[in-house]
Amino acid sequence: MNAAELFDLEGKSALVTGSAQGLGREIALGLAQNGASLILADIMRPDETVREIVGMGSRALSIQTDIADEAGVIKLVEESLSEFDRLDILVNNAGISQHSYTPTEDLPVDEWDRIIRVNLRGTFLCCKYIGTEMIKAGGGTIINIATSAGVTVVARAPAYCASKAGVILLTKSLALEWAR
């Protein structure tokens, strides 16, 4: 089996959060290059990425949403399933870091909450609602993006480190529960 066969995603649909720019955009483009149809979810409109994917000959749907909002994630799933009959791949890439590396005693609580909401709650909500649909359909693949900051401390970044450590343990917990 060659590499192209290993990564053949023809007939698969993938939802990538945080796909308007950066790593999420590149992940979406890579999935499309290997044949997947894409749902691009971002708080910003990922229209440029959609144009590139369509230019490659793949299908793409852009949905502007805040993954930290439960109602928004439910709507994201409904819209995705109305366009694509199933969701085969979820890449939880959306994430934010702290505005500045400030001492913990100076970190505003609203900044802590915002980081935890997007990085951890958003990942949880997407796993919960999209994972439920994958289970109903007989399976799927979930990829949660974390960083080394989830296992190796970064000074003056307690919210970011805590959120990424949470994503790592959430992923392990779901693997135990859903692996089979």
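Any read-out appearing in this document is the output of simple, stated calculations on the displayed coordinates, not a laboratory observation. Source: prediction; values computed, not measured. Backbone-built Cβ (ideal geometry, glycine too); neighbour counts: all protein chains shown.
Could you tell me the ratio Rg/Rh of the stretch 42-130? Both radii from Cα atoms, Rh via Kirkwood. Don't skip to the end; give the middle numbers.
On the way: Rg = 15.6 Å, Rh = 14.7 Å.
The Rg/Rh ratio comes out at 1.06.
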Listed by chain and number, the residues whose amide H is under 5 Å from that of Ile143, excluding neighbours fewer than 5 places away on the same chain and using placed H, are Leu90, Val91, Asn92
For Ile39, other-chain or 5+-apart residues with amide H closer than 5 Å (H placed, Pro excluded) are Ala14, Leu15, Val16, Leu61
Along the stretch 147-157, Karplus-curve 3J(HN,Hα) (6.51, -1.76, 1.60; θ = phi - 60°) to the nearest Hz, with x for Gly and Pro, reads 9, 4, 5, x, 10, 10, 5, 10, 4, 6, 9
Taking 112-123, 5-16, 32-43, 138-149 and ranking on average Cβ neighbours within 10 Å, highest first, one gets 32-43, 112-123, 5-16, 138-149
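How big, in percent, is the set of alpha carbon pairs in the chain lying more than 20 Å apart?
Details: 8637 of 16110 pairs.
Result for the distance tail: 54 percent.
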Residues meeting the amide H criterion for Asp66 (H placed from the backbone, H to H distance under 5 Å, 5 or more places apart or on another chain) are none
HN-Hα couplings for the stretch 105-112 via Karplus (6.51, -1.76, 1.60; θ = phi - 60°), in whole Hz with x for Gly/Pro, come out as 5, 9, 6, x, 4, 5, 6, 3
Summing -39500 (n - 2.57) over every DSSP H run of at least 4 in the chain, dividing by its residue total and rounding to the nearest 500, the 222 nm mean residue ellipticity is -14500 deg cm²/dmol
Of Pro46, Pro158, Pro103, the most mobile residue in a GNM of the chain (C-alpha springs, cutoff 10 Å) is Pro103
Magnitude of the Cβ-charge dipole (Lys and Arg +1, Asp and Glu -1) of the chain about the Cα centre, nearest 20 debye, reported as 360
